[in-house]
Amino acid sequence: MLNAMTIDVEDYFHTEAMSEAVHRDQWTTMPSHVQRNTERLYELFAEHNVTATMFFLGWVAERFPSLVSQAVKLGHEVACHSYWHRAVFRLTPEEFREDTKRAKDAIESAANVPVSGYRAPSFSLIHGTEWAPGILSELGFTYDSSINPIAHDFYSNADKPRIPHRHSESGLLEIPIATARLGGRTFCVGGGAYFRIFPLRYSTWGLSCVNEQEKRAAMFYLHPWEIDADQPRLNVKLKSKMRQYTRLDSTYGKLEKLIQRYKFGATKDAFAEHWKS
Ligand SMILES: [Zn+2]
């Protein structure tokens, strides 16, 4: 069973948790770690023959175009993670269209290939953003992976389908982040903080549930800053510190074990059946 390995390519200061300390006007003044961290992931993936989908922040693609062209050269799929990393539910439809188009243009001009996948910052395609899939379709996207169907303090989407489906009206394909069901509850087992903070066996339990019991591919995600124990510590509230800085030092090793144990590829390969008409 081939699962999807996806990386949201952003720097440590782009996250929602750090936005209280660093405004986007200050981004250019911050010491950047995204190139080094992403290249470490490229090396790890090359070593284990993993191809991935790299969801680039448009801001990163514009400043580090060689990271994008390198991804294409290495056989990875290149996709879009917005331009300014703002939650979709805080934008008007027009602001969303402008941000997404700017990001897609920046990524495509660095990649020299068309971009057809989108992931919203912080899984922010929640209730109230029903207009967004239609705009993504109009801009030429063929799939979205912005729904993490769990209860969460920032992006709750617990009532959304856990499996790939099409948005009504636009027909845009949605590939949700992997979750597992136990005792009537839904657990996020598709990466990020859940992979980084909990022991590896939590994620392997979850991926085995999806692959072996449900006989489905799992959508897994991580960020380059999650393997970076040396990232500068910013002055944010305790909850944000816990969210961003917990177990950064063990994530790389866990990721290597995970890709040795499960098969991973780009989204279009792992979920290929959904592109067949
Ligand atoms: Zn992000």
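The values are calculated or read from the model by the stated rules, or taken from the named source; none is laboratory data. Worth saying up front: this structure is predicted, and the values here are computed from it rather than measured. All Cβ positions, glycine included, derive from the backbone under ideal geometry; neighbour counts span all protein chains shown. Keep in mind that these areas ignore ligands, DNA and RNA; they rest on the heavy atoms of the full protein, side chains included. Shrake-Rupley method; radii C 1.70, N 1.55, O 1.52, S 1.80 Å.
Observations
- Residue check, A106 within 14 Å of the ligand (Cβ to nearest atom) and of a type in the set (A, V, I, L, M): no
- Within the span defined as region 69-76, one or more residues are of a type in the set (A, V, I, L, M), over 25 Å from E20 (Cα atoms), open to solvent by less than 10 Å² (accessible area, probe 1.4 Å) and more than 16 Å from the ligand (Cβ to nearest atom).
- Checking each residue in region 1-29 for being in contact (Cβ under 8 Å) with a residue 40 or more places away in the chain and either more than 13 Å from the ligand (Cβ to nearest atom) or part of a helix (DSSP H, G or I) (or both) picks out M1, L2, N3, A4, M5, Y12, F13, H14, E20, A21, V22, R24.
- Residue satisfying condition, being over 18 Å from M18 (Cβ atoms), within 17 Å of the chain's Cα centre (by Cα), charged (D, E, K, R) and away from the ligand (no atom under 16 Å from the Cβ), within set E39, E43: E39
- Yes/no for A79 being within 14 Å of the chain's Cα centre (by Cα) and surrounded by fewer than 24 Cβ atoms within 10 Å (Cβ to Cβ): no
- Boolean, A229 is open to solvent by less than 30 Å² (accessible area, probe 1.4 Å) and of a type outside the set (K, R): no
- Among residues of region 74-94 that are farther than 29 Å from H48 by Cβ, those with a Cβ under 6 angstrom from a residue that is within 14 Å of the ligand (Cβ to nearest atom) and of a type in the set (S, T, N, Q), sequence gap 6+ or separate chain, pair up as A87/S122; A87/S124; V88/S124; F89/S124.
- For E39: the one exception among (1) open to solvent by less than 10 Å² (accessible area, probe 1.4 Å); (2) more than 29 Å from T129 (Cβ to Cβ): (1)
- Criterion: modelled with pLDDT of 95 or more and in contact with a Leu (Cβ under 8 Å, 6 or more places away or on another chain) - qualifying residue of G206, G134: G134
- Among the residues examined, K237 qualifies as open to solvent by 80 Å² or more (accessible area, probe 1.4 Å) and either within 22 Å of Q35 (Cβ to Cβ) or charged (D, E, K, R) (or both).
- Residue selection: E174 satisfies the criterion of being under 18 Å from the mean Cα position of the chain (by Cα) and acidic (D, E).
- Test for R102: is it among the charged types (D, E, K, R) and touching an Asp or Glu at 6+ places or on another chain (Cβ under 7 Å): no
- First in region 43-63 and within 11 Å of H76 (Cα to Cα), second anywhere and β-branched (V, I, T) and surrounded by fewer than 24 Cβ atoms within 10 Å (Cβ to Cβ), Cβ under 8 Å, 6 or more apart: F45/T51; F45/I259; V50/I259
- Meets criteria (farther than 19 Å from H23 by Cα and either in a loop (DSSP other than H, G, I, E, B) or in contact with a Pro (Cβ under 9 Å, 6 or more places away or on another chain) (or both)) for E108: yes
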